[in-house]
1. Which count do you get for residues in segment 41-70 that are assigned to a loop (DSSP other than H, G, I, E, B), within 20 Å of the chain's Cα centre (by Cα) and at pLDDT 90 or above?
2. May I ask you to list the residues in segment 124-170 that are part of a loop (DSSP other than H, G, I, E, B), touching a residue at least 12 places away in the same chain (Cβ under 8 Å) and hydroxyl-bearing (Ser, Thr, Tyr)?
Amino acid sequence: GLISKGCRFYEGLVRVPLIMALPGRFRDVRRCEALVELIDIAPTLLDLAGVPHPPRMQGRSLLPILAGEVEPDDHRDFVRCEFFNTCEGIGTDWKSAGSRANMVRDRRYKLAVYHGQDYGELYDLAEDPWEHVNLWESEAHRAVKNRLMRTAFDALAFSVDLGPRRIGRY
């Protein structure tokens, strides 16, 4: 019910069910708690169609889960989400021209970083599933915060499209 959410990463906004059905191919009903991303849908559909993945495709096929070949809750160690420039008209410089934020979530913790700001969010979803206690400033959770910041930073860097294969001899 929250209108104009902007860059917020509440579980009710980012943790949405993924329902997949392929009559005649998968008969078992499976429910799993795997961490998946939207980018996993394209490689899954390509695998189902028997089409090879393009080079450098970022998603991971869910077919092994659907086919019952792997543990259903073990797909990714973390997932991420991002919002860029969701509040237009705030300003013109890079710090004020709209909200920019990244979220990374593993099985226990969720970290949200609001770029250009001195504010963020860190939640222990096992202890605080409703995200009421922000641990961003908690000294006791500094190592968790640093680990998730590194994970988010690396994930952002590794998601960049490197373009076509390089040719030449340099």
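1. First pass over segment 41-70, keeping only residues assigned to a loop (DSSP other than H, G, I, E, B): 50-62, 67-70.
Within this subset, residues satisfying the condition of being within 20 Å of the chain's Cα centre (by Cα) are 56-62.
Within this subset, residues satisfying the condition of being at pLDDT 90 or above are 59-62.
Final tally of qualifying residues: 4.
2. SER138, SER159
Residue-wise test of (1) closer than 20 Å to LEU35 by Cβ; (2) among the small types (Gly, Ala, Ser); (3) open to solvent by 100 Å² or more (accessible area, probe 1.4 Å); (4) modelled with pLDDT of 95 or more.
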residue: PRO72; (1), (2), (3), (4): yes, no, no, no
residue: ARG80; (1), (2), (3), (4): yes, no, no, no
residue: GLN117; (1), (2), (3), (4): no, no, yes, no
residue: LYS145; (1), (2), (3), (4): yes, no, no, yes
residue: LEU162; (1), (2), (3), (4): no, no, yes, no
residue: ARG169; (1), (2), (3), (4): no, no, yes, no
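The values are calculated or read from the model by the stated rules, or taken from the named source; none is laboratory data. None of these values were measured; they are calculated from a predicted model. Backbone-built Cβ (ideal geometry, glycine too); neighbour counts: all protein chains shown. What goes into the accessible areas is simple: the full protein's heavy atoms, side chains included, and nothing from ligands, DNA or RNA. Shrake-Rupley method; radii C 1.70, N 1.55, O 1.52, S 1.80 Å.
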